[in-house]
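Here's the structure we're looking at; comments come further down.
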Amino acid sequence: MNTHATNDLDDIGDDLEITKVAKRESAPGTWVDGTLAGHRFSALVFPEHAEVADYELGTSKISKLWVQRIADKKQVFHWDRGLDQKAADATVGTIVDFLCAGLADYVFAE
């Protein structure tokens, strides 16, 4: 999902740190927490695409994604089976695009 035009964050992902991966016990899906480019995120990812396409962020297999800027603890993006808060700026858009492009594949790689 390309939420923003290409910007100058060519090295996005170099500092990606996954801090927690927790499979949900009550329902399918896995919660993934981490940090990236000065931001904290929490995502609910699935091994397969959503049955209802509108519940998924693009084709990412992510149904929930929260992004917070670490410096001021401001929420800068929120998706919960639909867009609740658009990306605050191009940097956040690039972070969202990066996570959409490969977070689920990373979590469910065998």
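For the structure I just gave you, tell me whether residue 26 is out of contact with any Ser or Thr (no Cβ under 6 Å at 6 or more places or on another chain) and either under 14 Å from residue 107 (Cα atoms) or crowded, with 22+ Cβ neighbours inside 10 Å (or both).
Numbers: out of contact with any Ser or Thr (no Cβ under 6 Å at 6 or more places or on another chain): yes; either under 14 Å from residue 107 (Cα atoms) or crowded, with 22+ Cβ neighbours inside 10 Å (or both): no.
Here the answer is no, as residue 26 does not meet what is asked.
Can you tell me which residues in segment 59-85 are exposed (fewer than 15 other Cβ atoms within 10 Å of the Cβ) and touching a Ser or Thr at 6+ places or on another chain (Cβ under 9 Å)?
Across segment 59-85, the qualifying residues are 70, 80, 81.
Tell me, which strands (runs of 3 or more DSSP E) wholly within segment 42-104 include 1 or more residues that are in contact with a strand residue (DSSP E or B) (Cβ under 9 Å, 6 or more places away or on another chain) and acidic (Asp, Glu)?
Details: elements: 62-69, 74-80, 83-85.
Counting at least 1 such residues, we get 74-80, 83-85.
Kindly indicate whether any position in segment 33-49 is among the polar types (S, T, N, Q), at pLDDT 95 or above and closer than 19 Å to residue 13 by Cα.
Yes - at least one qualifying residue is present in segment 33-49.
Report, ordered by the first and then the second residue, all pairs with beta carbons closer than 7 Å, sequence separation of six or more or different chains, a first member in segment 10-34 that is in contact (Cβ under 8 Å) with a residue 60 or more places away in the chain, and a second member that is among the aliphatic types (A, V, I, L, M) and part of a loop (DSSP other than H, G, I, E, B).
What qualifies is 12/37.
How do the pairs read when you match residues in segment 91-110 that are closer than 13 Å to residue 79 by Cα and at pLDDT 95 or above with residues anywhere that are among the hydroxyl-bearing types (Ser, Thr, Tyr) and crowded, with 22+ Cβ neighbours inside 10 Å, using Cβ under 6 Å and keeping only pairs 6 or more apart or on different chains?
100/60
The values are calculated or read from the model by the stated rules, or taken from the named source; none is laboratory data. Only a predicted model underlies this, so the values are computations on that prediction, with no experimental measurement involved. Please note: Cβ atoms are built from the backbone with ideal geometry, for glycine as well, and neighbour counts cover all protein chains shown.
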